[in-house]
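Report on the following structure.
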Amino acid sequence: MKKLPVLISVPHGGDEIPLEISDHLCISRQELFADGDAFTRDIYGIADAVTAYVDTPYARAFIDLNRDTDDLPPANPDGVIKTVTCHGKAIYNPGEELSPTSVAHLLEKYYQPYHQKIRQTLTAHPEIQLALDCHSMEAIGPEISPDRGQKRPSICLGTNQGKSCSMDMAKKLAKCFQTAFELDASEVTIDKPFSGGFITRNYGNQPTPWMQVEISRNLYLTEPWFDTDKLSIQKPRLKTLREQFQNTLMLFFGF
């Protein structure tokens, strides 16, 4: 099968804990799960169908690859190296927050290789026509968000307000999502509620166009597919979403 000329990045899909910090944590399994983009490595995991695929096994609670390296606590407790989750839950035992040396170590060992791989891939594969930074989002805007309490769409495409890729490209991809996922036009939005994080802004249109893709957790982290107590999901549901995602890109490129 001919490869789709796409680079896929999935920076928040991991759930592993870096060994170096494992003895200093107070975060619970449920809190860790709620902070990340659970199962997105399954949903977007079409590595065999695209030119390039980049992800990480490590949880964003410990190293957030979609932040700038200077986005740190205390200015931003939910920055690249966090002290709290996106829901305000403490990550480290009191008095055991990371030292500047530990922060520098995590950035060097886990953050820099991810971004180096993105840069090397874009250089090595000029045939890539589109890069996607792929995430999930809560179905209702949480308290920390500007859209708190509001119902979110099924799919949101972020373009950094047209700076990371053309709006025509975003509208075309939105229509492909509508078709492949069998959604109404209102269920696929552009730049609302998310216009793209650090990865999209940093790499967009230099010269490869980038979009951030957000899929609502309402499409899979709900009954009948998901068990909230066991944090387990029916694998066929993930397979369906993965196939729909691949079909979206095939429609976009006319495969």
* Which peptide among 98-110, 59-71 comes first, and what is the full order, when sorted by highest mean count of other Cβ atoms within 10 Å? -> 59-71, 98-110
* Asked: How far apart, in nm, are two points set 7 Å out from the Cα along the Cα-to-Cβ line at A185 and at L107?
  -> 4.6
* How large is ³J(HN,Hα) for each residue in region 160-166, as worked out from phi by the Karplus curve 6.51 cos²θ - 1.76 cosθ + 1.60 (θ = phi - 60°), to whole Hz, x for Gly and Pro? -> 6, 6, x, 8, 8, 6, 6
* Using Cα atoms only, what is the angle between the long axis of helix 167-181 and the major principal axis of the chain, expressed in degrees (0 to 90) to the nearest 10? -> 90
* Principal-axis tilt of helix 235-253 within the chain, Cα atoms, nearest 10 degrees -> 50
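Could you work out the Kirkwood radius for the chain, taking every pair of different alpha carbons, averaging 1/r and inverting it, reported in Å? Working shown, then result.
Details: mean 1/r = 0.0535 Å⁻¹.
The answer is 18.7 Å.
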* Whole-number Å³ per residue for the convex hull built on Cα positions in region 38-98 -> 99
* Treating the beta-carbon of each Lys and Arg as +1 and of each Asp and Glu as -1, no other charges, what is the dipole magnitude of the chain about its Cα centre, to the nearest 20 debye? -> 840
* Asked: Using alpha-carbon pairs under 8 Å, 6+ residues apart, how would you state the relative contact order of region 25-134 in percent?
  -> 28
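Please give the net charge around Q234, taking every other residue with its beta carbon less than 15 angstrom from that of Q234, where Lys and Arg add +1 and Asp and Glu add -1.
Residues near Q234 contribute +1 overall.
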* Using R₀ = 22 Å, calculate the FRET efficiency as 1/(1 + (r/R₀)^6) where r is the Cβ-Cβ separation of T240 and Q129; round to 0.05. => 0.25
* How far is helix 112-124 tilted, in degrees, relative to the longest principal axis of the Cα atoms in the chain, given as a value from 0 to 90 rounded to the nearest 10? -> 20
* Can you work out the FRET efficiency for the pair S99 and R119, with r the C-beta to C-beta distance and R0 = 30 Å, to the nearest 0.05? -> 0.60
* Percent breakdown of C-alpha pair distances by 10 Å bin, ordered from the shortest bin, for region 123-255 -> 12, 40, 35, 12, 1
* Structure fact -> Projected onto the charge dipole of region 106-213 (unit charges on the beta-carbon of Lys, Arg, Asp and Glu, signs +1, +1, -1, -1), the Cα from I199, C156, C176 with the largest positive-side position is that of I199
* Counting DSSP beta bridges with both ends in the chain, the antiparallel % (nearest 5) -> 30
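Residue separation times 0.36 nm, minus the C-alpha to C-alpha distance between L231 and K172: what's the value?
The L231-K172 span can extend by a further 17.8 nm.
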* Structure fact -> Cα pairs beyond 20 Å in region 73-159, in percent, come to 58
* Structure fact -> In nanometres, the difference between 0.36 nm per residue of separation and the alpha-carbon distance of M1 and I17 is 2.2 nm
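Sorting K82, K175 on the 10 Å Cβ count, fewest up front, what's the list?
Details: K82 26, K175 15.
Fewest-to-most Cβ neighbours within 10 Å comes out as K175, K82.
Semi-axes of the equivalent ellipsoid of region 1-71: what are they in whole Å, largest first, if each equals the square root of 5 times a C-alpha gyration tensor eigenvalue?
27, 13, 10
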* Asked: Spin-label point model (7 Å from Cα, Cβ direction): what's the D48 to R29 distance in nm?
  -> 3.1
* Structure fact -> Per principal axis, largest first, the Cα atoms of region 173-242 extend in Å by 42, 26, 21
* Cross-link reach list, lysines versus K82, counting only Cα pairs under 19 Å and skipping chain neighbours closer than eight places -> K109
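Laboratory data are not the source of any read-out in this text; all were calculated from the coordinates shown. Note that the coordinates shown come from a computational prediction; the quantities given were computed from them, not determined experimentally. Positions of Cβ are generated from backbone atoms using ideal geometry, with glycine treated the same way; all protein chains shown enter the neighbour counts.
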